[in-house]
Each structure stands twice: as structure tokens, then as C-alpha cells.
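Working notes, beginning with the structure itself.
No lab work stands behind these numbers, since they all come straight from the coordinates. As the structure is a computational prediction, the values presented were derived from the model and not from experiment. Positions of Cβ are generated from backbone atoms using ideal geometry, with glycine treated the same way; all protein chains shown enter the neighbour counts.
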Amino acid sequence: MNQHSPSSVLPATPATPQGRPVRVALLGCGVVGSQVARLLQEQAGDLAARVGAPVELVGIAVRRLGLARDVDLPEELFTLDAHALVTRDDVDVVVEVIGGIEPARSLILAALEHGASVVSANKALLAEDGSTLFAAAEKAGRDLYYEAAVAGAIPILRPLRESLAGDQVTRVLGIVNGTTNFILDRMDSSGAGFDEALQEAQDLGYAEADPTADVEGFDAAAKAAILASLAFHTRVTAADVHREGIAEVTASDVASAAEMGCVVKLLAICAVQEGPDGPAVSARVHPAMIPRSHPLASVREAYNAVFVESQAAGQLMFYGPGAGGSPTASAVMGDLVTVARNRLADVRGAGESSYADLPVLDMGSTQTRYHVQIDVDDKAGVLAAVALAFAEHGVSIQTVRQEGRGDDAQLVVVSHRASDADLAATVDTLRGMANVRDVSSVMRVEGESE
């Protein structure tokens, strides 16, 4: 009898469970939707074994019929009538990957009202009007899962919602947009300017022809709202998130960061901190300098990473591809398996948790450190006057460096922790001083101790 070591024997294809299949309707068959359909086809046997019943794709709503797609599917699956599809009596789960606010919101609400559970990758909708969707899911007694809405294939929402449910998360710090990370990485590694790095990102397919949502921070702000809502059990919308993009980041800023042993990253930063009336949530997206020793500094190219700090678990980091058809589809499929299992067991998973209901701080109350570049006249007493301006607004200086350039000089000031409002007031004062030619750059510094 021939014997094989366990590692040389491939596992047998699991037998397909018998019984009523879990029927899935798919909204959208683009970059992500086509990969979801492909995985439903290729992994049908495994999915059936994991779920406990066959998982059957019964319809796909698209905007146009007859297009060439990345997956070979029967034409009879496709329909232009998305509403009719999501309200079919035999649909158990609706997977929404069309994005945007409408018609996605109306279709998700219709699906829940008619008894289907929902899996969505729609960060913009969840960040703008998640409370309406969660309320509808609660009323219907159905699931609303959305792991794919943040950081692609990286499992971050489920750990926040479930794995860390018994812990107290205090801070979430993340690189959640691959386009901006690619651009800033190129600026750091090659010395390129923003426009040059953006063009390379577009040539390689990492940036859209209109990159506004990415480079102006809208995409990251939506994800920050979702992360803050889950981490701190508080409803946070995209409108609550302070947002700054990277279009104003210069090669000089990146070079200054390098001189400090730092890199520039677009960060989504969500934290619980003391507010005027007790604990409050801060949520912000902006470029910042972080030391090269910080785990997030090593995140290169178009990758994402989320750094979580909690009281019991300490520091955790989740890293991986944050976008793309297959990675995002992987997150969708993970949710689909969970939701399908729940339908078979006639149970509902964890819904929205907003019991803490903490106030959301405005950006002026947020405290961090700052790197400020000031172009001044190269005259005696100017440095003292600049230092006095910082002191008058309660902003303590940690280090200052002066570089002379003939008749003018540049002061590079790094502050201790201060409120954003106090720093803004300091900058306004500096810009009004006779011997200050310009405050050429203001950038926050994160991830360092005092």
C-alpha cells in the first residue's frame, strides 16, 4: 500500500450540503462585483461546506447589458431592474458594490424591508447615512455587514466589532488610502514633486483620471468615520471628520521630514480624548510626519495599514492591500459567508453599537505636535520675536533650527503638544509680523513621544 505524508495529499473537494440554497443578488459587476461573481463560481463547493448550504447567485443588476466582463456568466443572470431584483421573495442576501449614495441607499433599504440581509462595500454611504441603514436592519431583524468598506482585504472592522468587543479601544491610526500612500512614498524615495508622483500613480493605474476623492482626503475621511464609529461606539459621520488632503505637500516638506528621521503619510486618526465636558471623540484626516521607527512608516507603495491601541490588548497593526477587485472581493466574501450562516440559523449578527454616544470634538480642540517652516528676514531679534509669538498663544517650542540664505532665513520650529486652535492663532500672528515673509509650511507630527 502506498503511503503519503499529510503534506503531499490535497484535501478532497467537500461534498455539497443538501437543502435549500442561500440565494444571493449582486448589485454591480464592475471591478469588485465581477470578482465576487467569479469567487461564487470557482469556490462553490468550499462555500457550500463553510456555509452549510449551497450559495447560489440568482441575479446581477447592472447599468448596461451586453458588456464584456471579467467573468463568464449566463446572460440571463443580468438585469437592468435593480429594485425588482432586491425585492424578489427568494433573495436571501443582497451584495451591494455599486458605490455612491443613490441608488445604493434606496436599494439597500428596499432589500432590508423585503427581508434580505445586506453585504456592502459602500464607504461613502455608510459614512454619510449609516444610522438610517442600521435602523432599517434592526427593524427588519437582518444583517448589514460592510468589512470591504474600509481597507480592502484587511480584516479591521470585524476585529473592532467583535474581537475587541471586550476591550476599550483608545486610538486608531491608519493609512487607509493606497493612492495617496503611493504618491507620498514616491516623493520620499525619489525626491519627486507631488504632480510628478501623481502622474506616475495615474500611469500605473493607482490613481483615477480625476483623483480628487483620494488626494483631497474624501475617501480616507469616509473610512475614518466608519472606524471611529465602530471603535468608540459613537455615531461619527464623514462631516464630523476634519479633512485635509496631500495636494499642498511639497518636496521640501518631505525633505524636512527626512532630516528629522520622519516620513510624510496621509493618516486617518481617531481617538478618545478629554473634552470640555468629559471624554470625547476626535476624528481627522491629514498629512503628518511620523518617525521612520513607527510601524506605519514602513508601509510602502499602495498598501494600507491600521494601527489600533487598546487598554488590554495594547498595540495591534493590520496590514495588506487596501484596494483592488480581488482583495475587496475577499472581504465581501468573508461577510457573505457569515451572513449566509446567520440566515440558515435564523439569527442576526452584531448590529450597530452607539451606546457610548460621545460628543465629537472640533479640530480646534485636538492636540498634537507641529512642524512649522517660517521664512523671515535675516536680522537680529527676529528669532526672539517668533519665539514670543509662540509663547503668547501657549504653544511650547521643542526645537528650532535656523538656516540663513543671504538677506532672508528660514526657521524650522517643532512644537510640543498644543491645540490646533492655538497653533492656528500662532500662525495668524506670525503672518502679520513685519519681519516674517511667509509661513511656508505647517505640518503635524504624530507617533512621537514628548
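Which GluC sites (Glu not before Pro) in the stretch 259-319 sit in a loop by DSSP (not H, G, I, E or B) and have at most 14 other Cβ atoms within 10 Å of their own Cβ? Intermediate values should be presented prior to the final figure.
Details: sites: E259, E274, E301, E309; in loops: E301.
Passing sites in the stretch 259-319 are E301.
Rounded to the nearest 10 degrees, the angle from helix 194-203 to the longest Cα principal axis of the chain is 20 degrees. Of the residues F232, F78, the one with the fewest other Cβ atoms within 10 Å heads the list, and the complete ranking is F78, F232. The long axis of helix 325-345 is offset from the longest Cα principal axis of the chain by roughly 50 degrees. Scaled against 2.2 N^0.38 Å for its residue count N, the alpha carbon radius of gyration of the stretch 248-364 is 1.41.
Between L65 and A313, how high is the FRET efficiency from 1/(1 + (r/R0)^6) when r is the Cβ-Cβ distance and R₀ = 60 Å? Nearest 0.05. Could the numbers behind the result be given before it?
Numbers: r = 49 Å, r/R0 = 0.82.
My answer for the efficiency is 0.75.
When only the Cβ of Lys, Arg, Asp and Glu is charged (+1, +1, -1, -1), the dipole of the stretch 366-445 relative to its Cα centre reaches about 280 debye. Its Kirkwood hydrodynamic radius, worked out from the mean inverse distance over all distinct Cα pairs, puts the stretch 161-244 at 14.4 Å. Counting lysine pairs in the chain that sit 8 or more residues apart in sequence, or on different chains, and whose Cα atoms lie under 28 Å apart gives 5. Per residue, the convex hull spanned by the alpha carbons of the stretch 158-319 comes to 118 Å³.
If you model the stretch 366-445 as an ellipsoid using its alpha carbon gyration tensor, with each semi-axis the square root of five times an eigenvalue, the axes come out at 20, 12, 10 Å, biggest first.
Relative to the dominant Cα principal axis of the chain, helix 382-392 is inclined by about 60°. Rounded to the nearest 0.05, the FRET efficiency derived from the C-beta distance between E102 and D407 at R0 = 41 Å is 0.10. Among A136, A409, A151, the residue with the largest mean-square fluctuation in a Gaussian network model of the chain, with springs joining Cα atoms closer than 10 Å, is A409.
Looking at the stretch 332-413, the chymotrypsin sites (Phe, Trp or Tyr not before Pro) that sit in a DSSP loop and have at most 13 other Cβ atoms within 10 Å of their own Cβ are Y355.
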